[in-house]
């Protein structure tokens, strides 16, 4: 049986049908993942990966041995490399070789001395007391008479100085001059001999901050002997070098 619809009812049915079709045709918005992201993981880093930092206190150096010291220096470099005292060793093809490396300051200095043929002399300390000599300076003593006089000036006493055989030995002395308090010291750190020239390296130490020291003027000094003699012609010149 057909049912007759009024105009308002027909209009309402048409509107409802249109609304249903409109719902079906609605498409979802594009997913945000479809666009390239600015995530740091999607882009390569603009800063390079830092290189491993150098060992603190190490220095870079080029060692240039002579033909006479070439083999000994190469052997010492290999030994120090095994011990971890040098690294990044590059040996340039030549004769004598040239060796580029990084290493501790002590190891580099040792290799430089060996390469040049310098001899490191043994040091025997004779005195490191505050001196009666108030002027900063250095002395090289090659005779017993000169040493006895220097010892008297240094100690302010007539005591006999330590025994030194000047036929085989030499006395080296450094005087640091006036210092405002105790806690200062003068130290001869190395003596090297090359081509009849002695190089005496020394430093003057200050008291560390906060150290309790005597409140009096002092005159640091260091006297040592080394096993070479001017009488034998072991050396003809002496250079004193104050460490910075």
key: Single condition residue 155 does not satisfy, out of (1) closer than 30 Å to residue 183 by Cα; (2) touching a strand residue (DSSP E or B) at 6+ places or on another chain (Cβ under 7 Å)   = (2)
query = If we keep just the residues of segment 148-164 that are assigned to a loop (DSSP other than H, G, I, E, B) and surrounded by 12 or more Cβ atoms within 10 Å (Cβ to Cβ), which is farthest from the chain's Cα centre (by Cα)?
reply = 161
key: Top-ranked residue of segment 53-92 - restricted to ones that are surrounded by 12 or more Cβ atoms within 10 Å (Cβ to Cβ) and over 21 Å from residue 118 (Cα atoms), ranked as nearest to the chain's Cα centre (by Cα)   = 58
message = On the basis of being over 30 Å from residue 67 (Cα atoms) and either part of a loop (DSSP other than H, G, I, E, B) or not assigned by TED's automatic domain parsing to the domain that holds residue 187 (or both), does residue 140 make the cut?
response = no
query = Can you name the residue in segment 97-113 that is at pLDDT 90 or above and under 15 Å from residue 75 (Cβ atoms) and, of all such residues, is farthest from the chain's Cα centre (by Cα)?
reply = 97
Residue 100 in a helix (DSSP H, G or I), surrounded by fewer than 17 Cβ atoms within 10 Å (Cβ to Cβ) and free of Cβ contacts under 8 Å to residues at least 60 places away in the same chain = no
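The values are calculated or read from the model by the stated rules, or taken from the named source; none is laboratory data. Computed from a predicted structure; not experimentally measured. For neighbour counting, all protein chains shown are included, and Cβ atoms are generated from backbone atoms with ideal geometry for every residue, glycine included.
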